[in-house]
Each structure stands twice: as C-alpha cells, then as structure tokens.
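Enquirer: Take this structure, written in structure tokens, and hold onto it; I'll ask about it next.
The values are calculated or read from the model by the stated rules, or taken from the named source; none is laboratory data. Predicted model, so just to flag it, every value in this text is computed and none were measured. In this analysis, Cβ positions are derived from the backbone assuming ideal geometry, glycine residues included, and neighbour counts consider all displayed protein chains. Heads up: the accessible areas ignore ligands, DNA and RNA and are worked out on the full protein's heavy atoms, side chains in. Shrake-Rupley method; radii C 1.70, N 1.55, O 1.52, S 1.80 Å.
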Amino acid sequence: MTETAASTGSHRSRARVVVATAVFVGTVYAGGWSVGPAPALGPFLDPVSGVWSVARAAVLPEEFAGAIPGLASQVEVVYDRRGVPHIWASTVEDAVRALGFVVARDRLFQLEIQTRAPQGTLTELVGPAALGLDRRSRARGLARSAEREMADLEPASESWRLLRAYAEGINAWIDGMRTSDLPFEYHLLGARPRRWEPVYSAYLGKQMAYTLAYGTQDLWRLDVDAMIGKHAADALFPRNSPMVEPIEPNGSREPRFAFVEPPPPVATRQARQLPVAGDGSDDHVVGSNNWAVAPWRTAAGAALLSGDPHLELTLPSIWYEVHIVVPGELDMHGVTLPGAPLVGIGFTRSVAWSLTNTGADVLDYYRETFDAVERPSEYLVDGEWRRLERRVEVFRDPHGATLATDTVYYTHRGPVRFTDDGPLSMRWTMLESPTSIVAFWHAAQAANADEWLEAMASYPGPAQNALVADTAGNIAIRSIGLYPIRPDNGDGRVIRDGSSSANDWQGYWPVSQYPFAKNPDQGFLASANQQPVDPATNDRYLGANWETPWRAMRINQLLRADSQVTPDAMRRYQTDPGNVKADWFVPAFLAAARNEPDLEDAAHLLADWDRRYIKDNERAVLFEEALNELVYRTWDELYLPSGSRLVRIPSMAVLAGLLRFPESIWWDDTRTGAVRETRDDVLAASLLAGWQQVTEAYGKPADGGWRWSAVRHANIYHLIGFPALSEIGLAVQGGPGNLSASSGNGRFGPSWRMVVELGPDVRAWATYPGGQSGNPASRWYVDRIEQWVAGELDAVLFPRSRDELSGDDVAGVLKLEPVSR
C-alpha cells in the first residue's frame, strides 16, 4: 500500500468508529440497545479513556516493547505491510508466548467472545440476550469436556506447557494494556477483559468441534422414517452418495453414478416436529475445498497446493495470519484461530497443508432407562444400576445475578437430553478426545509429506481431509480423526439401546484404515467435503447423506483439463464461475419447457445462459428460484403436518438422480388431489413459478434487476452483529454449488484462500475477508476485503531471516523481553 493509500485507509477506518459510535449512542439512548447493559454515557464518550481512544490504539508504533513472564530470551516480532507478525524466538514455548501476545493485541475481544460461547458464559458479558445460546452449549457438554480434558493433562506434558505459554502471552498483553488499548466492544458493553486461562483454548477446540462435527441425523431420521417409511428414507437419505467422485481416487477419469428409483412412501405416524430438524439442503452446508497437483502436471515442475476452507464470515476474521521462526526447529507461515496456540493451515520450507471437513458420523444416541422420571439418580446397564452424574449449571448476568439454573445429567456415554420418547444420552468423539495442539507443532517440523502425516496420526478431531504436499514433489491426503468402531461395524444412523453395553463403541479405527491416497496416477488430489471413498471398493460405514459433490466434480474437471497448472491458475480455480449443478438441471428445465407457451421467455433466457455465476450474469437468479421451487414441489411428502416447512430435504444428488425416473411416484404432488404429476409437469411448474417470483421481485429481465451482483451477496458481520462495524452486501462471484460457494444469507463462504508453490524457494499467495486487526479504526480492519471480493491473492512475505524484512515491508517492530514469574 502506498503512503497515500495507507493514509486514506486510516482516515476511512477512523470515520468508521465515528459513525459506529454515533449510531450506537443513538440506539442505546433511544431504548433500542438489546445486546447488553448500556454503559454510562460520560465514561463511554470520555476523550481520554472512552471510546475515542480506540483510534489512538489503531496506529502501530514503529518500535515498541513488551514483557512476558517465563520467556527464555528476547523475542523479536516484525509486523509487515499486511499487518502480519513475523515472530523470531529461541524456543517453541517462547514463540507460543509471543503468539498469545500479538493475537491478544489485535483480537482481544474475539478471544473472549468465541471462548465464552462454548463455555456457556456469554450472558456474563452481554446479558440475558445470550441465555438460550449458553443453555444449549452447556447442555451439549462442551465446557465439561474441555475441563475434563485439561484435568487429565500432566503439568509437565508438552500440551500443558504450550497452553500455559499461550495464556502467559495473552495475560502479559492484558496486564500491560493502556486505557486506549481497550477494544471498542468493551466500551460498548461497559466491560473489561477477563484474564486468560489455559482451559479457554480447550473451550475453543470444542466450539470448532461443534461447528464441524456435531450432527443430529439420528434424531431427524426418526421423523423422516415416520413420515415416509424406513425403506424410502434410506433411498432419499442414502448411506452412500449416488454421485461418486471420491477423495481417494478410484481410477476413473469421470464421476460414477449409482442412481436407483426410490420406493414409494409409506407413512407410519406423524412427525413429532423435533427441534433438531432442518432443511439440510446443499446451500446451507459449510463447505471447503483443497487440492494439490503433482510436479509433472505443473508448469514450473513443482508441486502446488490450494487451501480454501469455508466457514462463517465475521469481522474480525475467524483466522489470524502469522509467521513463526524458531531457528533450527521450525519456520512456518499460515493462519491460526485466535485462542488456539497452533497454525491450522499453512506451509513451511518443506511442506504445505490444508484441511477440509470430512463430515463423518462420529456421534450416536442411546435410549436410556432411568430409575425415575423426575430427578433421576441412576440408569440401567446390563441389569445393574449405575450412578448418573448430575451437573448443576448456573447462568449469571454481567453483575453476577443468577438468570437461570439447569441440571444436566451424564451417563458414561455423555450428556442426556429428554425427549417425548424418553431420555437419550449422546456419545460424541469430540467430548472424549484429547487436545490436538502437539500434533500440529510436530507436523510443522516435518521434512516431507510422510513425516507430516505421521505427526498428524494422533490428531483426534474434528475429522478432516488433511492434504499435504512437499518440496520433493509428493502429494498426499488422509481423512484424519477418530472414527468409532460400532457393534458389527454397524450403521451409525440408529438410536441404540443404552441398557446393553454390547451397543457401546468398541474402540476406534486404526490409522491404516483411514481413507488415504499418495501420488496417484492422475497427478492430483482434491477434496470438497464429498464422500471420501468409492463405496464400490470400500463400503465400510464412515457416514451417510453426503454432500452432493458439485464442487468436487468441478475442480476435478478443471484439473483433468490442465496439465501445465500455474499458481495463477490455482488462484482462478478458487473463484471459478462454472457450476456443475446448473449443467445438470438446466437441460432438464429446457426439455420440460418445450411446447409450453407460458415458458417460452423463461426457457429462452435459460438456454441463452452459459451457466457461469459471474457477477453480471442475469440468468442465475431465475435458475436458482426455479430449482428452489423444484425442491419444495418434489418433496411435498416431507412437509410437517402444519405445512410450515419440510422436516428435511434430500441432497441435490438424490434429486438429480430422480430426473432419471420421469414417472416416479415422488414427482406426484400429493396436495393436488386426483391429478398425478410426472417429472416434466413438476419441472415446468417450477420454472413458471420461478419466473413469476423473480419477475415480481426484480422486475423484467431487461430492467437490470436480475443481475447476480444485485441479488446475491456476502455479508460479513461484526462479532456482535453491529451493522456499522460490518461489511454488508458484497457482490461476489459464485453461488450454491460453485467452488466459491455462497450461502443464502451470505454469512458463510471462503474464510481463507491460499496457494503454495513448493519449489526450491517456497512461494505463497493468500488472503481472507477482513484484516489482521480487530480494531475498527485500524487500516488493517477490512483492508483485504476488496481483494477477497475480486478473487485476488497477495504475495506472502516469507523471509528466511530478520534482515530480509526491511524498508516499506516493515510496518513496526515489537521486542518482547523476559521477566520472572
């Protein structure tokens, strides 16, 4: 950034604080504030210690110093022009202390709020508005699991030392904070930051586990089975994807399809409208992509790796970028989750890695027998009564007053939820797995892909597709995490009888049985949350109802077609506008529209579309609305009795397969009485309804209201949803099913984009939606958003020594000194 641009960005950031403060004051004192207790207006607006001091803290000094108890020697941190800290430390523990310090400086409020969420103590910060969230978190057992995990750690263990070092770094920043360093959000809430405890990192780990690995399929399947019968439910929510484009290559150069006509529905009873039911459509899945290309398929003869995790979009970003050097031990660059003392996705001088969610079934429910309906104390296993653990959860407001008290019961399997059918206990790998911190640090010291995979073999979860490439030209992927061995290697989509220990898990899969591939003949590997293996060659139960592999099919198309891949091609692929879903369904709509006068205009528009989700296309909006109509008209058998919503929506892969059976009973709309619809009837009706709705909402096609950039946006909200601190309505390329997928509400999407070339000198390019600082007055608060929206990447500075960073590349230097504890 030039000096002029930097100055302009700084002025714009300060203006953001002025606007946010004005809006906040007007909202609070007009009676519209509902997040937490309103601060006293005088201290809030105090020019020295109030909210205006935030702007002063936004400027990074050219040189500044700090002190951390426990440091073995001085640590130097150089902030580059992108706001990235480069940490040079003499030991790994010192590097972790420095990491805690710099993360706290830039993301202190984020550290607190995203660890209070799994702990279930948000009410203590923001008040009663968060009571429902807190109650659900504690009922899931997240905090209890984290606390037990920490209690099991030996004080001398490597994990405990790293967690303690991280806490020391965070607390050193808190202890040395000036009044002006207090983050904007604390001024808004009239609060002060709490000191960091090592267990808070464990809380964050449980929150990520909930985001990535928590499922209620066992419960909503009860409703679906009741509504349409088990055989039909098995067909609509199948164990294996009918579209096969696996992560572990199966030797095919194209996807394999295994479509079968679903049997007719046979209702057994009404659905009970469980609160866990949802629509389950592809558009609401948190998706991610990664792929790697072998040297013989790249233009430069070096392996290439792309990391593209999709998560919730927030300001500040969920990620924080950092470079850590411990001479003789490690030299890594990548992103960390604020609160986690590790680099989750990144690269070193030898290897690069990225992760996507596996989507494995690692959670089961058990129907328990209690000794009493109210205030039970025991549960039955193998004819004997066992003692229930009873944990009283007290919820308090910011002043310490009690808001509510809950009692959560636990069996040896996990927390209990009470349903109309009796108590159900939940066993979930993520409530009983140890910390994964050490695995990531050991992996960062790997000399090649094999060593990286060996270090990650102990990783417990959430289950991830771990992709790695190295400078020797190797590429490999393994679906890592703990996978339970169920009785008879059985299906996990049933509620088991808890009164028999024979129904308990019998251990975990050995690593040798995890889905895995290395240096495949095709010369590339790709994962996009699809089923990891081809069930024709490996039918062991890993999960079910897999996400439709639209993204996997598209990236494989691109990689198969390019034998001279460049880093810039990898970048372009990340926002590629091609959409396999549209390629599949548009021809079906057009065929159904033949000889339908009412559909002539709609069909012409779809036929004229190249099916690319670029920002200025004016056809995707019609297709998406027609497809949405198709979904809701086809699966009418799954509407709740109230007619308000579907209990669950089958995947798009199932709907795509149903196109092969034009006379299937599932095309018949049960709400139209004696009329029996066929496939083309429903397709035509859906296209007509889509046309009518889009025209009503956006006007005529020629009026410009159908432009994709006008109707589909990314919405990046501030952590407490404050609009003036958010970036709303960002026009982005891509849509449902694209590699750059976007959710309907715009709040999920690509959270970090990275391309690494593993040549003699490792090079990397990256960005994320936001900026390094959590201070809205900082020029590094949203400085990367424009680049992210455009699909561009920044060249990452990866110096081998401190001397390689100089001049305009240096924004500031921090020297951290040791002090005795």
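Enquirer: Does GLN787 qualify as being open to solvent by 20 Å² or more (accessible area, probe 1.4 Å) and either modelled with pLDDT of 95 or more or part of a helix (DSSP H, G or I) (or both)? Explain how you work it out, then say what you get.
Expert: Numbers: open to solvent by 20 Å² or more (accessible area, probe 1.4 Å): yes; either modelled with pLDDT of 95 or more or part of a helix (DSSP H, G or I) (or both): yes.
Answer is yes for this residue.
Enquirer: Is it the case that PRO262 is under 26 Å from the mean Cα position of the chain (by Cα) and open to solvent by less than 20 Å² (accessible area, probe 1.4 Å)? Lay out the reasoning, then the answer.
Expert: Working: under 26 Å from the mean Cα position of the chain (by Cα): no; open to solvent by less than 20 Å² (accessible area, probe 1.4 Å): yes.
When the stated conditions are applied, PRO262 does not pass them.
Every residue, every condition in (1) surrounded by fewer than 20 Cβ atoms within 10 Å (Cβ to Cβ); (2) over 30 Å from VAL756 (Cα atoms); (3) not aromatic (Phe, Trp, Tyr), yes or no:
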{"site": "LEU542", "(1), (2), (3)": "no, yes, yes"}
{"site": "ALA561", "(1), (2), (3)": "yes, no, yes"}
{"site": "ASP610", "(1), (2), (3)": "yes, yes, yes"}
{"site": "GLU629", "(1), (2), (3)": "no, yes, yes"}
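Enquirer: Pick from the range 318-330 the residues that are assigned to a strand (DSSP E or B) and over 20 Å from SER288 (Cα atoms): which of them is nearest to the chain's Cα centre (by Cα)? Steps first, please.
Expert: To start, the set of residues in the range 318-330 that are assigned to a strand (DSSP E or B) comprises 320-326, 330.
Restricting the remaining residues to those that are over 20 Å from SER288 (Cα atoms) gives 322-326, 330.
On the way: VAL322: 20, HIS323: 23, ILE324: 24, VAL325: 28, VAL326: 30, LEU330: 27 Å.
Only one residue tops the list, namely VAL322.
Enquirer: Then there is this: (1) surrounded by fewer than 21 Cβ atoms within 10 Å (Cβ to Cβ); (2) of a type in the set (Ser, Thr, Tyr); (3) at pLDDT below 95: which one isn't true of SER499, the others all being true?
Expert: All conditions are met except number (3).
Enquirer: Enumerate the pairs (first residue in the range 517-545 and more than 23 Å from GLY737 (Cβ to Cβ); second residue anywhere and outside any loop (DSSP other than H, G, I, E, B) and at pLDDT below 95) with beta-carbon separation below 7 Å, excluding pairs fewer than 6 apart on the same chain, so at least 6 apart or on different chains.
Expert: Close Cβ pairs (under 7 Å, with a partner that is outside any loop (DSSP other than H, G, I, E, B) and at pLDDT below 95) amount to ARG540/ASN489; TYR541/ASN489.
Enquirer: Sticking with this structure for a sec: Just checking, how many residues over the range 146-176 are under 17 Å from ARG97 (Cα atoms) and in contact (Cβ under 8 Å) with a residue 24 or more places away in the chain?
Expert: The qualifying residues number 18.
Enquirer: Something else: Can you name every residue in the range 518-554 that is charged (D, E, K, R), within 26 Å of PRO750 (Cβ to Cβ) and outside any loop (DSSP other than H, G, I, E, B)? Step through it out loud before you land on a result.
Expert: Initial filter on the range 518-554 (charged (D, E, K, R)): 518, 521, 534, 539-540, 547, 551, 554.
Now narrow it down to the ones that are within 26 Å of PRO750 (Cβ to Cβ): 547, 551, 554.
Within the range 518-554, ARG551, ARG554 meet the criteria.
Enquirer: Mind checking which residues of the range 331-367 are more than 22 Å from the chain's Cα centre (by Cα) and open to solvent by 10 Å² or more (accessible area, probe 1.4 Å)?
Expert: Answer for the range 331-367, where residues must be more than 22 Å from the chain's Cα centre (by Cα) and open to solvent by 10 Å² or more (accessible area, probe 1.4 Å): ASP331, ARG349, SER350, ARG367.
Enquirer: Looking at the structure I just gave you, is GLY737 in contact with a His (Cβ under 6 Å, 6 or more places away or on another chain) and open to solvent by 10 Å² or more (accessible area, probe 1.4 Å)?
Expert: Working: in contact with a His (Cβ under 6 Å, 6 or more places away or on another chain): no; open to solvent by 10 Å² or more (accessible area, probe 1.4 Å): yes.
It is false that GLY737 is in contact with a His (Cβ under 6 Å, 6 or more places away or on another chain) and open to solvent by 10 Å² or more (accessible area, probe 1.4 Å).
Enquirer: Looking at (1) within 30 Å of MET150 (Cβ to Cβ); (2) open to solvent by less than 20 Å² (accessible area, probe 1.4 Å); (3) at pLDDT below 95, which is the only condition GLY215 fails?
Expert: Evaluating GLY215 over (1) within 30 Å of MET150 (Cβ to Cβ); (2) open to solvent by less than 20 Å² (accessible area, probe 1.4 Å); (3) at pLDDT below 95 leaves (2) as the failure.
Enquirer: Answer with yes or no whether GLU696 is out of contact with any Ser or Thr (no Cβ under 6 Å at 6 or more places or on another chain), part of a loop (DSSP other than H, G, I, E, B) and surrounded by fewer than 22 Cβ atoms within 10 Å (Cβ to Cβ). Spell out the reasoning first.
Expert: Details: out of contact with any Ser or Thr (no Cβ under 6 Å at 6 or more places or on another chain): yes; part of a loop (DSSP other than H, G, I, E, B): no; surrounded by fewer than 22 Cβ atoms within 10 Å (Cβ to Cβ): yes.
Judged against the criteria, GLU696 is not a match.
Enquirer: I'm told ILE174 meets every condition in (1) touching a helix residue (DSSP H, G or I) at 6+ places or on another chain (Cβ under 8 Å); (2) part of a helix (DSSP H, G or I); (3) crowded, with 22+ Cβ neighbours inside 10 Å except one. Can you identify the failing condition by its number?
Expert: That leaves (3) as the condition not met.
Enquirer: Considering each residue of the range 372-420, count those that are more than 19 Å from ASN503 (Cα to Cα), open to solvent by 70 Å² or more (accessible area, probe 1.4 Å), touching a residue at least 40 places away in the same chain (Cβ under 8 Å) and touching a strand residue (DSSP E or B) at 6+ places or on another chain (Cβ under 9 Å), and give that number.
Expert: 1
Enquirer: Then there is this: Considering each of ARG148, ARG97 in turn, give the residue that is crowded, with 21+ Cβ neighbours inside 10 Å, under 14 Å from SER201 (Cα atoms) and over 24 Å from the mean Cα position of the chain (by Cα).
Expert: ARG97
Enquirer: So LEU467 clears everything in (1) more than 21 Å from GLY507 (Cα to Cα); (2) touching a helix residue (DSSP H, G or I) at 6+ places or on another chain (Cβ under 7 Å); (3) at pLDDT 95 or above; (4) surrounded by 18 or more Cβ atoms within 10 Å (Cβ to Cβ) except one condition, right? Which one?
Expert: (2)
Enquirer: List the number of the failed condition for SER458; all other conditions in (1) surrounded by fewer than 18 Cβ atoms within 10 Å (Cβ to Cβ); (2) over 23 Å from the mean Cα position of the chain (by Cα) hold.
Expert: Status for SER458: all satisfied but (2).
Enquirer: Scan the range 650-664 and tell me whether some residue there is within 23 Å of GLU261 (Cβ to Cβ), open to solvent by 60 Å² or more (accessible area, probe 1.4 Å) and under 35 Å from the mean Cα position of the chain (by Cα).
Expert: Filtering the range 650-664 down to residues within 23 Å of GLU261 (Cβ to Cβ) leaves 650-664.
Subset that is open to solvent by 60 Å² or more (accessible area, probe 1.4 Å): 660, 663.
So of that shortlist, the ones also under 35 Å from the mean Cα position of the chain (by Cα) come out as 660.
Scanning the range 650-664, I find at least one residue that is within 23 Å of GLU261 (Cβ to Cβ), open to solvent by 60 Å² or more (accessible area, probe 1.4 Å) and under 35 Å from the mean Cα position of the chain (by Cα), so the answer is yes.
Enquirer: A further question on this structure: Can you tell me which residues in the range 69-96 are over 22 Å from VAL810 (Cβ atoms) and either in contact with a Phe, Trp or Tyr (Cβ under 6 Å, 6 or more places away or on another chain) or not in a loop (DSSP other than H, G, I, E, B) (or both)?
Expert: PRO69, VAL92, GLU93, VAL96
Enquirer: Still on this structure, I have one more. Assess whether SER159 counts as being outside any helix (DSSP H, G or I), open to solvent by less than 40 Å² (accessible area, probe 1.4 Å), closer than 26 Å to PRO460 by Cα and not aromatic (Phe, Trp, Tyr).
Expert: Values: outside any helix (DSSP H, G or I): no; open to solvent by less than 40 Å² (accessible area, probe 1.4 Å): yes; closer than 26 Å to PRO460 by Cα: yes; not aromatic (Phe, Trp, Tyr): yes.
Considered against the rule, which asks whether it is outside any helix (DSSP H, G or I), open to solvent by less than 40 Å² (accessible area, probe 1.4 Å), closer than 26 Å to PRO460 by Cα and not aromatic (Phe, Trp, Tyr), SER159 comes out as no.
Enquirer: In addition: Could you count how many residues in the range 279-297 are modelled with pLDDT of 50 or more, among the hydrophobic types (A, V, I, L, M, F, W, C) and within 11 Å of the chain's Cα centre (by Cα)?
Expert: Going through the range 279-297 one residue at a time, the tally reaches 1.
Enquirer: Write out, first by first residue and then by second, each pair whose Cβ atoms fall under 6 Å of each other, whose residues are 6+ apart or on separate chains, and whose first residue, in the range 594-611, is on the phi > 0 side of the Ramachandran plot while the second is surrounded by 11 or more Cβ atoms within 10 Å (Cβ to Cβ) and of a type in the set (D, E, K, R).
Expert: ARG611/ASP583
Enquirer: Determine which member of the set PRO255, PRO193 is open to solvent by 10 Å² or more (accessible area, probe 1.4 Å), farther than 18 Å from GLY657 by Cβ and either touching a helix residue (DSSP H, G or I) at 6+ places or on another chain (Cβ under 7 Å) or of a type in the set (Val, Ile, Thr) (or both).
Expert: Numbers: PRO255 fails: farther than 18 Å from GLY657 by Cβ.
Only one candidate qualifies: PRO193.
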